[in-house]
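Peer 1: Sending over a structure as structure tokens; questions will come in a sec.
What follows draws every value from the coordinates through simple rules; no lab data is involved. Please read these numbers as outputs of a predicted model, since none were measured by experiment. As a convention, Cβ positions derive from the backbone with ideal geometry for all residues, glycine included, and neighbour counts pool all protein chains shown.
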Amino acid sequence: MLTQEYLKQILSYNPDTGIWVWQKSLALQIKIGQQAGTILKSGYRHIRINYKHYKAYRLAWLYMTGEWPKEQIDHINGIKDDNRWCNLREATTQQNGWNSKKPKNNTSGYKGISWNKKSKKWTVFIQVNKKNKYLGGYETKKEAIQIRKEATAKYHGEFARFA
């Protein structure tokens, strides 16, 4: 099990920039002073230590607190490789999902808002207690946006991401 003590021996982490730098060479291709890790297709930076891959943001949590995160780590600004300490917070799976970006196939420009062709209204949904909650159908997109904004603030609090 990787410990904070060992991690600090082999890597340095700059909490202001989120950048990891090798302090000790663990393999021929690793140079001391070189930035650690690679960004995978997922968009997250991974760092390989003793043949095991670790997510850089989880390492940041261990490095700064001395403990592994209890659940998930949320990137507050939604940028997967922004591992600055001020951008990381512990979250449940549900909270992390609330702070996710809108789906790529979204056509309204806002999470939880879509056009219903049949009713010819903007429909609004929000996830509450792991269930989708219908917030109504609205004549104008502006009305739908306002309802969704209010509900997002009410139900998702600091993890609210609207667009």
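Peer 1: When you scan the stretch 55-163 for helices (runs of 4 or more DSSP H) that lie fully inside it, which ones turn up with 1 or more residues that are more than 13 Å from the chain's Cα centre (by Cα) and in contact (Cβ under 8 Å) with a residue 40 or more places away in the chain? Give the derivation first.
Peer 2: On the way: elements: 56-65, 93-98, 141-156.
Hits in the stretch 55-163: 56-65, 141-156.
Peer 1: When you scan the stretch 13-28, do you find a residue that is more than 25 Å from A91 (Cα to Cα) and touching a residue at least 24 places away in the same chain (Cβ under 8 Å), even just one? Let's see the steps before the verdict.
Peer 2: To start, the set of residues in the stretch 13-28 that are more than 25 Å from A91 (Cα to Cα) comprises 21-28.
Retained after the next criterion (residues that are touching a residue at least 24 places away in the same chain (Cβ under 8 Å)): 26.
Checking the stretch 13-28: at least one residue is more than 25 Å from A91 (Cα to Cα) and touching a residue at least 24 places away in the same chain (Cβ under 8 Å).
Peer 1: Here is a follow-up. Within the stretch 19-63, take every residue that is among the polar types (S, T, N, Q) and out of contact with any Phe, Trp or Tyr (no Cβ under 8 Å at 6 or more places or on another chain) and give me the one that is farthest from C86 (Cα to Cα). Talk me through it step by step, then tell me what you get.
Peer 2: Filtering the stretch 19-63 down to residues among the polar types (S, T, N, Q) leaves 23, 25, 29, 34-35, 38, 42, 50.
From what is left, the residues that are out of contact with any Phe, Trp or Tyr (no Cβ under 8 Å at 6 or more places or on another chain) are 23, 25, 29, 38, 42, 50.
Numbers: Q23: 23, S25: 28, Q29: 31, T38: 21, S42: 22, N50: 28 Å.
The extreme case among them is Q29.
Peer 1: Could you tell me whether any residue of the stretch 33-43 is under 24 Å from F159 (Cβ atoms), in contact (Cβ under 8 Å) with a residue 60 or more places away in the chain and not in a strand (DSSP E or B)?
Peer 2: Initially, the stretch 33-43 is screened for residues under 24 Å from F159 (Cβ atoms), giving 42-43.
With the extra rule that they be in contact (Cβ under 8 Å) with a residue 60 or more places away in the chain, the set shrinks to none.
No: the stretch 33-43 contains no residue that is under 24 Å from F159 (Cβ atoms), in contact (Cβ under 8 Å) with a residue 60 or more places away in the chain and not in a strand (DSSP E or B).
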